[in-house]
Amino acid sequence: MADDDNRNLLREIERRRTFAIISHPDAGKTTLTEKLLLYGGAIQLAGSVKAKRGRVSAVSDWMEMEKERGISITSSVLQFPFRGLAMNLLDTPGHADFSEDTYRTLHAADGAVMLLDCAKGVEAQTKKLFRVCKQRKMPIFSFVNKLDRPGREPFDLIGEVENVLGIGVYPITWPIYRGATFRGIYHREKKQVTLFDDKAARSSSLAGSHEVAPVAVTGVDDPLLKKELDEEGYRRFMDEYELLEAAGDAFDRDKFMAGDVSPMFFGSAMNNFGVEAFLEDFCGRMPPPAPHHASTGNIAPDAPFSGFVFKIQANMDKAHRDRIAFFRVCSGKFDRNMKVLHVRTGKTMRLANPTTFLAAERTIVEDGYAGDVIGLYDPGVFEIGDTLTAGKAFKYDEIPSFAPEHFVRVSMMDPMRRKQMKKGLDQLAQEGTIQLYTPERGGDPILGAVGRLQLEVVKFRLKSEYDVDARIEPMSCEFARWVSREDGEDVDLLRFDRERLGVPARDVRGRPVVLFAGDWQLNSAKREMSGINYAETARGLAATNPENP
Ligand code: G4P
């Protein structure tokens, strides 16, 4: 019996593929996500038409489908089957929702798909998210989207990815053109060409079906291909093909697994073109959950149940006024009602009501395996990064905090509500969507956030949850640096203030931090005050000064 359980555990973990899509807003993430679900058979009819009405309606459509088809789809985690695999697609909110959570989610993923708009290439948000993936050394796939529209030369895009992001690219498919018109893709490994039939694609995407009838030819010499691409198109394709082949290097799996080489695909999510070739390859190449690093060494996915909290969201359901902790299962099997150790507090707790997310009616999850994400009801006991385990105590590596880019001072209209404001700000900081600083010179608290919207959200939540009318006043600071002296002595924080070299403060753990108006100010501080380390994040501080974790 135990053997059977173990075999089942291994089989279930082997099936998991846990990943995120990283992209800049408008590159087509929603559209691609929808097509992936479509191919997975999770949704049959949610075609481009519905997605076009906007994100919100697409999500609520999915929720309806969740009820009908028994799959769990939310805007945070999408679980869908594909050819016997269990896919967990984690959402990385963009647009105005961009926040530290977006980064943290990448710590719960085992790999990423980088989605690029063929006309725009590598954009700002992609760059930021890519940095996190690269630090985590995770496998990264690239999908170049919107090939049905005029875009940049493929070699130009590859050059940009390689130079700007510092990752090698290995095209698996390659776009082909007739004049300026996109005609299809060549699959380098299958040595097969699939022609883009834009009329079929258009009608098919309107119908929401993925059955675009591709015209397949057998290889680069196929006469049909020569006919389909006029002479010039064929010559261009052959020139590019020869260049690619001349590069000669085979796909290096080790480099891919370490995040140093990205397999690249071309297509059009909206037209369902190139998506299947990508998904098929993705399933074959993307690894199942790997061991996770922790205080006691690597924890294998088939070890007893364990995992960590990577995101906390308060009051998802207004009626409940509770919080949900998003928990990545890193090892073993999760069973509802199981008893686990909450390592930070040393307390044993029972996981009674794990849920899926955001659905109008929360669904209780009965079990889950390494690779899955579950929602834990949180009466206020969890913090980001907390480890839970059914085995002996250990701690998963800390999730780094990310450098805030927007800063405000927060004050209240009614001084009698000071206590409530403090409580509210402390709790919001604990959720980890904002960072809270106490100015060294005294005065109103300072908030820092990765995304500007978070600061507006704080104001709104202070009012609705703590009945505090707050005023937020933007500061002309661009970034923060955690400071420590090389000789281990205390930093004379107030000197930054006296000499106008920055705004000194303390973070929630009392660590010294200085806010700077720009590089020019940081540089003058460096000139005036020697012997000081300036770390971009609090974790960076720990790294430069291990005495001060
Ligand atoms: P996002 O989640 O990354 O922000 O992007 P989303 O999928 O919402 O797509 C952004 C826009 O790009 C949408 O158009 C979408 O239809 C379009 N798009 C996505 N994939 C493709 C593609 O392969 N080819 C072309 N030509 N367009 C694509 P929109 O104008 O913002 O909305 P709508 O009017 O189409 O609804």
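Starting from residues that are touching a helix residue (DSSP H, G or I) at 6+ places or on another chain (Cβ under 8 Å) and surrounded by 22 or more Cβ atoms within 10 Å (Cβ to Cβ), keep the ones in the range 139-150 and report whichever is farthest from HIS24 (Cα to Cα).
Within the range 139-150, the match that is farthest from HIS24 (Cα to Cα) is PRO139.
Would you tally the residues in the range 150-181 being within 15 Å of the ligand (Cβ to nearest atom) and free of Cβ contacts under 8 Å to residues at least 40 places away in the same chain?
5
Before we move on, is ALA112 of a type in the set (Gly, Ala, Ser), on the phi < 0 side of the Ramachandran plot, modelled with pLDDT of 95 or more and surrounded by fewer than 21 Cβ atoms within 10 Å (Cβ to Cβ)?
In short, no.
Scan the range 421-478 for residues that are within 23 Å of ARG511 (Cα to Cα), acidic (Asp, Glu) and assigned to a helix (DSSP H, G or I) and jot them down.
Across the range 421-478, the qualifying residues are ASP426, GLU431.
What number of residues within the range 120-129 are more than 14 Å from the ligand (Cβ to nearest atom) and at pLDDT 95 or above?
Residues meeting the conditions: 2.
Looking at the range 203-217, can you tell me whether even one residue there is crowded, with 19+ Cβ neighbours inside 10 Å, part of a strand (DSSP E or B) and at pLDDT 95 or above?
No, the range 203-217 has no match at all.
Any residue at all in the range 12-19 that's within 15 Å of the chain's Cα centre (by Cα), away from the ligand (no atom under 13 Å from the Cβ) and charged (D, E, K, R)?
Checking the range 12-19: at least one residue is within 15 Å of the chain's Cα centre (by Cα), away from the ligand (no atom under 13 Å from the Cβ) and charged (D, E, K, R).
Working only within the range 82-104, note down all residues that are at pLDDT below 85 and not polar (S, T, N, Q).
Listed by number, the residues that qualify are ASP91, PRO93, GLY94, HIS95, ALA96, ASP97, PHE98, GLU100, ASP101.
Taking the condition of being touching a residue at least 12 places away in the same chain (Cβ under 8 Å) and under 30 Å from GLU383 (Cα atoms), how many residues in the range 503-524 meet it?
Result for the range 503-524: 13.
Sort out which residues of the range 363-394 are under 22 Å from the mean Cα position of the chain (by Cα) and surrounded by fewer than 18 Cβ atoms within 10 Å (Cβ to Cβ), and write them in order of number.
Once the filter is applied, which keeps residues that are under 22 Å from the mean Cα position of the chain (by Cα) and surrounded by fewer than 18 Cβ atoms within 10 Å (Cβ to Cβ), the range 363-394 yields only GLU383.
Identify all residues within the range 395-442 that are more than 12 Å from VAL458 (Cβ to Cβ) and touching a Ser or Thr at 6+ places or on another chain (Cβ under 9 Å); write none if there are none.
LYS395, TYR396, ASP397, PRO400, SER401, PHE402, ALA403, PHE407, GLY432
Does the range 228-239 contain at least one residue that is within 23 Å of the chain's Cα centre (by Cα), away from the ligand (no atom under 16 Å from the Cβ), of a type in the set (A, V, I, L, M) and crowded, with 19+ Cβ neighbours inside 10 Å?
no
Does at least one position in the range 32-51 carry a residue that is modelled with pLDDT of 70 or more, under 25 Å from VAL309 (Cβ atoms) and not in a loop (DSSP other than H, G, I, E, B)?
yes
Test THR126 against the criterion of being crowded, with 22+ Cβ neighbours inside 10 Å and more than 17 Å from PHE265 (Cβ to Cβ), and give yes or no.
So THR126 fails the test.
Among the listed residues GLU431, GLU405, which satisfies the condition of being at pLDDT below 85 and either within 26 Å of ARG323 (Cβ to Cβ) or loosely packed, with under 15 Cβ neighbours inside 10 Å (or both)?
Result: GLU431 is the single residue among GLU431, GLU405 that is at pLDDT below 85 and either within 26 Å of ARG323 (Cβ to Cβ) or loosely packed, with under 15 Cβ neighbours inside 10 Å (or both).
Considering each of GLU489, GLU499 in turn, give the residue that is among the acidic types (Asp, Glu) and in contact with a helix residue (DSSP H, G or I) (Cβ under 9 Å, 6 or more places away or on another chain).
GLU499
The values are calculated or read from the model by the stated rules, or taken from the named source; none is laboratory data. Because the structure is a prediction, the values reported are computed rather than measured. Using ideal geometry, Cβ is built from the backbone for each residue, glycine included, and neighbour counts are taken over all protein chains shown.
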